[in-house]
Amino acid sequence: MAKRLSDLFGNTRIVAGLLVNLLSSICIVFINKWIYVHHGFPNMTLTLIHFVVTWLGLFVCQKMDMFSPKSLRPSKIILLALSFCGFVAFTNLSLQNNTIGTYQLAKVMTTPVIIVIQTMYYKKTFSTKIKLTLVPITLGVILNSYYDVKFNLLGMVFATLGVFVTSLYQVWVGAKQHELQVNSMQLLYYQAPMSSAFLLVIVPFFEPLTGEGGVFGPWSFQALVMVFLSGLIAFLVNLSIYWIIGNTSPVTYNMFGHFKFCITLLGGYVLFQDPLSLNQGLGILCTLTGILAYTHFKLAEQDAGKSKLTQRP
């Protein structure tokens, strides 16, 4: 793992991409939390703005020949677009109703849930070592949630729904890319406007349109600036994720995610004074140990697989 990191940081372009992703991923969490805490901006509307800005950003990228769009039938991606709405909306609701620590650790449960989905419905097999790493990950998340002094049932419901829908989305993204023979940016280019249309239809049923706290309510200039900035950063997050995975690998992106995980947790306790008990700290340490073990075994398995391929006559 140390050699991989050394090789990784020896490439200036990759370092620049990682830094953009690091800053944008951390900023989006803190800015969204700030918007919810200090301005009370409606969640689904903020999600809709993220989708629209992401699509406009991809449109600009396409005009700059950064990728070539591919025509897709709407019926082929309708479920993917719906799951995209669900995972972003529920994740934001989890952030709105939980401390940043609980929100961040709940997201880690995506890995175990993806493994369960792939095992049960796609008949994919995983080694015993990989399965055992899910024990400390899950135990750590449970410990942190149980001892979180700001624990609330609604927040955990949103966190659970967010994890489940996010896991489905990530599994379906891989399946659709293979089925439709498209890359992530081509898929998102068609998926983002469709997801925006779905949210545009349902927002009036769940959020007030006028008055205090409404979509077209009397928002301050500062609130509007923060919302627009949140949309731009959400686009940078999406773009940098695809760039990193395209120029390195999903495992490299996952490894780099550990740094963001720790920094985001620390920032939550510093910026929002989220309380941290000793038992929560043990839960976080337990989860981080499981994540590092999972990455280590995954890298070892990949290296072993590559070695077998190169040794074949």
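A few points about this structure:
- Residue match in the range 192-202 (condition: within 22 Å of VAL37 (Cα to Cα) and open to solvent by less than 70 Å² (accessible area, probe 1.4 Å)): no
- Residue selected from the range 1-32 under the condition farther than 24 Å from ALA223 by Cα and hydroxyl-bearing (Ser, Thr, Tyr), by the criterion modelled with the highest pLDDT: THR12
- Residues that are at pLDDT 80 or above and farther than 22 Å from CYS27 by Cα number at least 3 in the following helices (runs of 4 or more DSSP H) confined to the range 137-256: 153-180, 184-206.
- Counted residues, the range 215-242 - those being open to solvent by less than 70 Å² (accessible area, probe 1.4 Å) and either touching a Ser or Thr at 6+ places or on another chain (Cβ under 9 Å) or among the acidic types (Asp, Glu) (or both): 13
- For the range 36-83, residues that are of a type in the set (D, E, K, R) and outside any loop (DSSP other than H, G, I, E, B) total 2.
- Qualifying positions in the range 97-136 - touching a residue at least 12 places away in the same chain (Cβ under 8 Å), outside any helix (DSSP H, G or I) and open to solvent by 50 Å² or more (accessible area, probe 1.4 Å): TYR122
The values are calculated or read from the model by the stated rules, or taken from the named source; none is laboratory data. Here the structure is a predicted model, which means the values were calculated and not measured. Heads up, the Cβs are rebuilt from the backbone with ideal geometry, glycines too, and the neighbour counts pull from every protein chain shown. Calculation scope for accessible area: heavy atoms of the full protein, side chains included, ligands and nucleic acids excluded. Shrake-Rupley method; radii C 1.70, N 1.55, O 1.52, S 1.80 Å.
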